[in-house]
Amino acid sequence: MLDERKHPRYSSVIYLKVFNRDHGGLVGHLVDISERGLMLVTENPLEKGARLRLQFTPPEEWGPREPVAFEAEVRWCRPEANPELFDLGLLVLAPSAEFRQAMEQLTAGYVFTGVD
């Protein structure tokens with residue numbers, strides 16, 4: 001499969017939960033991040049092209065923890081190694097300065113580097 005990724009990705013070392021802003025339900029857990037995208041592990045498959053209003057709360061170590069809101073589009077969804085879970089690829093739409101700052105902090109201290 002051709003890798004269309006334009007930005008390097010990093011594997012997360014924290015169990016960051018990502019929630020739907022509209023109903024508050026858990027969408028999934030962060031697996032890896034890049035400047036414009038996220039990969040989550042989720043219990044429910046989502047349709048390619050679906051647009052989601054999401055948020056996560058930064059780790060406690062960051063001090064005051066306000067949720068970081070963002071919108072994303074499902075780029076792909078496929079079964080995970082665990083047959084009860086799915087890997088979900090998201091493209092972040094028009095990332096805000098707050099989102100970009102959070103991603104910089106995550107890649108600076110909460111990820112494994114050098115993931116292809």
Regarding Val68, is this residue modelled with pLDDT of 90 or more and in contact with a helix residue (DSSP H, G or I) (Cβ under 7 Å, 6 or more places away or on another chain)?
yes
Which members of the range 31-47 meet the condition of being under 9 Å from the mean Cα position of the chain (by Cα) and either loosely packed, with under 13 Cβ neighbours inside 10 Å or not in a strand (DSSP E or B) (or both)?
Ser34
Of the residues in the range 87-106, those that are in contact with a Gly (Cβ under 8 Å, 6 or more places away or on another chain), free of Cβ contacts under 8 Å to residues at least 60 places away in the same chain and not small (Gly, Ala, Ser) number 3
Selection over the range 54-64 where residues are exposed (fewer than 14 other Cβ atoms within 10 Å of the Cβ) and assigned to a loop (DSSP other than H, G, I, E, B) yields a count of 2
Within the range 95-116, can you find the residues that are of a type in the set (Ser, Thr, Tyr), modelled with pLDDT under 60 and more than 14 Å from the chain's Cα centre (by Cα)?
Thr113
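Each row is one residue, and each column tells you yes or no for (1) free of Cβ contacts under 8 Å to residues at least 60 places away in the same chain; (2) surrounded by 16 or more Cβ atoms within 10 Å (Cβ to Cβ); (3) part of a strand (DSSP E or B); (4) touching a Ser or Thr at 6+ places or on another chain (Cβ under 9 Å).
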residue	(1), (2), (3), (4)
Gly49	yes, no, no, no
Leu52	yes, yes, yes, no
Glu66	yes, no, no, yes
Val74	yes, yes, yes, no
Cys77	yes, yes, yes, yes
Glu84	yes, no, no, no
Give the range 86-109 a look and list any residue that's touching a helix residue (DSSP H, G or I) at 6+ places or on another chain (Cβ under 9 Å) and closer than 19 Å to Val74 by Cα, or say none.
Val92, Pro95
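The values are calculated or read from the model by the stated rules, or taken from the named source; none is laboratory data. All values reported here derive from a predicted model rather than from experimental measurement. All Cβ positions, even for glycine, are placed from backbone atoms using ideal geometry, and neighbour counts span all protein chains on display.
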